[in-house]
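In what follows, a single structure is set out as C-alpha cells and then discussed.
Each reported figure results from applying straightforward, stated rules to the coordinates on display, with no laboratory input. These figures come from a predicted structure and were not determined experimentally. Glycine gets a Cβ as well: all are built from the backbone with ideal geometry, and neighbour counts include every protein chain shown.
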Amino acid sequence: MIGVVLALLIVPLAAGITCAILPTRTVRAAAAVTVAAGIGCFALVLGVVPATAHRDLSYLGYLRVDAVSAIFLLATGFLYAAVAVYAVGYVKRHEELYARRFYAGLNLFAWAMLAAPLMSSLALLWIAVEVTTIISALLVAIEDTDGAAEAAWKYVLIASAGLSLALLGTVFAYYAGSQVLGEHYNLAIQPLIAAGPHLAATPVRLAFLLALLGYGTKVGLFPVHTWLPDAHSEAPTPVSALLSGSLLAVSFYAILRFYQVAVATLGTGFPRDALLAFGVASLLLAALYVFGQRDIKRLLAYSSVEHMGILAIGVSFGAPVALAGVMLHVLAHAAAKGNAFMGAGVLVMKFGSKQISAIRGGLDLLPWSGPLFLLAVFALSAMPPSGIFRSEFQIVYGGFGSGNYAAAAVLIVLVTVAFFGLSASATRMLFTPAPLRARPTLSRGEPSAWMVIPVIAGVAVLFILGLHPPAELTGLISRAVAQLGATR
Amino acid sequence: MSLASTVPAAPGVYVGAANVIAAVMLLIEFGMLRQALARDQVRLYAAQSALISVLAIVIAADRNLPDLYVLAALSAALKVVAAPLVLRRLLGRAGADDEEPTGVAGSQTLSPASAVLAGIVLAAFGFFSFGGLGIRDPAAPATALAIAAAMMLVAFGLMIVRRDVASQAIGFLALENAISLAALVAAAGLPLILETAFLFDLLVAVVVFGMLIRAHHVRAESLSTADLTRLQG
C-alpha cells in the first residue's frame, strides 16, 4: 500500500513537471499526460480508500491516511480526473504557451491538494495548503486580463494573510503539545489528539480559533470570504471547478483536524459554537448574494460559500448522522459543483460572455451541456435524487435530533432562499429563448465532446451517492464519523 | 503550562532581550505606518527583520539550540537582503517609468497622524487582550507575546491604510515578522518542520508577491490599487 500512497504524491508532481519542460509544439502530449495523471490518480485513490475503512495507514512518519483524509482524497481524486478530461476541450482554443503553463499548473495544483490530506503533521498540512495557494493564485492570473490580475492579487494577499493566522494557530498547537509531549514533539496530529485531555485549554482554544479564521479564509467562511467570488469568476473554468469543489474542502479538512484536537481538550461546546457562528453567517451571506448576481461564475462561487457554511453547521450539530451527512456532502458537493462549473464553462464559451443577461436559450443551443447544467443546478439545490439531497437531509435530521432546532430551521430556510436565487438565474439562461438577432451567429451544438464526458460521469456519481451509496463508502463514512468524535 | 498564579521571577537575559526586541520591533512598525515613501518602509522592514534574527541568535545561545542559528542566518538572508532587494527593484522600476511616481508616495488613505492613532488603538487592543489570556510560562515572556499580538494587528492596519500593491505586500511581510516573533517567544524550540514552514511562507511572499506586483505594474503602469475595483458584489 505504501507504493500506492507514494505514487499518489509522485504522479501529479511528475505530470506537472513533464508538462512544464516538454519541448514546444507538444500540447497534445501535455494533454495526454494530464488526462493520464488525472485518471491514474483517481484509480490510485480508489486503491487506497477500501483499506482505510478498516484501519489507518501510516508510512515513513510523515504520511498518514485515515478515514477522514480518505473522504477528502476521494473528492479531490474524482474532480482531478474529471477536470483533466474537461481541460482538453477547454484549452483547445488557446495558444500553445498558455496551454503548457495551464497543464503544468493544473497538475501541480492537484498534487498539492492530494498531498494535504496525506500529511501526518499539522506543519506539513499547513505547507501543503500554502502550496495550493501559490499555484492556484498563479493559475487565477494566467488569463492575463485586468480582472484576472486584480482577482489574483486580492486572492494571494487575503489568503496569505489568513494562512499566516493559521500558521500562528499551528505554533500554538505546538506550544500546547510540547508542554505534554516534550520539546521534540513534531506536530503530528494523532499524538496531539490522543494527548487532548492533558493539554492546556487556553493555547488550544487560541489555536482552534486562529485555525478556524485562518483556514476559514481559504474555505470561504464569512467574513473572510471576499477573495473567493473574484478568484472563482476570473480563473479558467477547470481551475474554478477545482477551487470550488476541492480546494475549499481541503481547507475545511485542515479545520476538521484542529476541531478534533479542540474537542479532545475543550469538550464539544466551544468548538461547535464557533463553527455554528461562522457557518450560519456564511450561509446567510451566500443565500442573499446568490440573488441578483449578474455573473454566472460569481453565482456559483457564492453557492460554494453557501455549501461551506452548510459543512460548518453540520459539524457543529455533532450528531453522528449529521457528521455522516457532512462527509457525504464533501463528496457530493465536489461532484455537483464541478459539474456546475464545467457546464457554466461551456455556456460561457458558447455565448462568449460570463454575464447571465447575455446567456439565453442554453437548452436549445447546447443539446448536452444545457440539460446537464440544469441537473447540476438542481443537484446543488439539493433536489432528490442527487447526493446533496441525501447529505443535507442527514445534516438537518442530525440537527433536529441533537436539539439544535433553531439552527436546523435556519439552515432549511436559507438553503431554500439560495435555491430560488440559483434556479431563477439558471432558468433565465436555459429556458428564455435567445434573441432573434443572436440566432444566426450561434448554431446548435457542443463546443467539444471532451467537455461533456466528465460532466456525465459527475451526474452518475451524484445519482449513485443519492440513490444507493456503495457499502464500502458507508463503511468509510461511519469510520470517519467515529474519528471525528461524534456524540449525541 | 503554569497559570497566572505563579509568582513572576526577575527577568533573565533571554526574557529581557525578548521584551526589548519586541518593543523596538513594534516601534519600527509604527515608523512604517507613519512613513510616506514605500522605499523608507522597505528600509524599516529590513531593520525589523534584522531584529528577529538577533532574537533568534539570543535564544539559540541561551537555550543551546544550534539549529536556531541556521534559522537566524536564513531568515536574515531572505528578509534583510532578498525581500528588500526585490521590493526596491520593483519600486525603482515603477519610479523610473512613470511620469508621476504614483503608488510610491502619497497612497495613504489616512493622514499620518490618524494612521498612527488608529495604530495605537489596534496595538493597545492586541496587547491587552493577549495579555489577558494568561499564557504565562517561565519559557515564554508574556510581554513579548502580547507585543507580537499588537504588531499583528498594526500590520493588518498597515495593509489597509495604503492604496498601492507594494505597501500592501510590505504590510503582509510585517505580519509575517509579527508571527515569527510570536513563534520564537511562544515556542523557542521550534521543531525543524515548523521552521521550514516559516521559510516557506517567506519564499512565497517574495516570489509570488514579486511576480504579481510586476504583472500589476506592467498592466496598470502604476503600483496603485485605485483601479482594482472592477470585481464587486
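Just a few scattered comments:
- In sequence order, calculated HN-Hα J values of the stretch B:60-71 (Karplus, 6.51, -1.76, 1.60; Hz; x Gly/Pro): 4, 6, 5, 9, 6, 10, x, 5, 5, 4, 4, 4
- Among A:Y175, A:Y259, sorting on how many other beta-carbon atoms sit within 10 Å of each Cβ, with the fewest leading, yields A:Y259, A:Y175.
- Each of A:V68, A:S160, A:A264 was placed along the dipole of the protein assembly as shown (beta-carbon charges, centred on the mean Cα), and the one lying farthest toward the positive end is A:V68.
- Among B:V13, A:V171, the order by Cβ neighbours within 10 angstrom, fewest to most, reads B:V13, A:V171.
- Candidates per chymotrypsin sites (Phe, Trp or Tyr not before Pro) in the stretch A:34-138, loop by DSSP, up to 16 other Cβ within 10 Å: A:Y62
- Dipole magnitude for the stretch B:13-220: computed about the Cα centre from +1 point charges on Lys and Arg Cβ and -1 point charges on Asp and Glu Cβ, it is near 180 debye.
- Under the criterion of Cα pairs below 8 Å and six or more residues apart, the relative contact order for chain A equals 17 percent.
- Likely footprinting exposure, A:L213, A:L221, B:L175, B:L37, fewest C-beta neighbours within 10 Å first: B:L37, A:L213, B:L175, A:L221
- Environment charge of B:L202, counting only residues whose C-beta is closer than 10 Å and scoring Lys/Arg +1, Asp/Glu -1: -1
- Counting every C-alpha pair in the stretch B:13-220, the share spaced more than 27 angstrom apart comes to 30%.
- Seen from A:I193, the other residues with C-beta closer than 13 Å to its C-beta sum to a net charge of 0, counting Lys and Arg as +1 and Asp and Glu as -1.
- Local charge for A:D66 was computed over the other residues whose Cβ lies under 12 Å away, with Lys and Arg +1 and Asp and Glu -1, and equals +3.
- Diffusion coefficient (Stokes-Einstein, Kirkwood radius over C-alpha pairs, 4 °C, 1.567 mPa s) for chain A: 58 µm²/s, rounded to a whole number.
- Under the Karplus curve 6.51 cos²θ - 1.76 cosθ + 1.60, θ = phi - 60°, whole-Hz ³J(HN,Hα) for the stretch B:46-55, x wherever Gly or Pro sits: 4, 5, 4, 5, 4, 5, 4, 5, 4, 4
- For the stretch A:268-488, size of Cβ-based charge dipole, Lys and Arg +1, Asp and Glu -1, in debye: 560
- Amide H within-cut-off set for A:M119, under 5 Å, with H built and near neighbours excluded: A:R64
- Using C-alpha pairs under 8 Å with a sequence gap of at least 6, the mean separation divided by the residue count of the stretch A:1-136 gives a relative contact order of 33 percent.
- Distant-in-sequence amide H partners of A:F222 (H built 1.01 Å from N, under 5 Å): A:S282
- In a simple Cβ point-charge model (Lys, Arg +1; Asp, Glu -1; nothing else charged), chain A has a dipole of about 740 debye relative to its Cα centre.
- Convex hull volume per residue, computed on the Cα atoms of the stretch A:268-488, equals 101 Å³.
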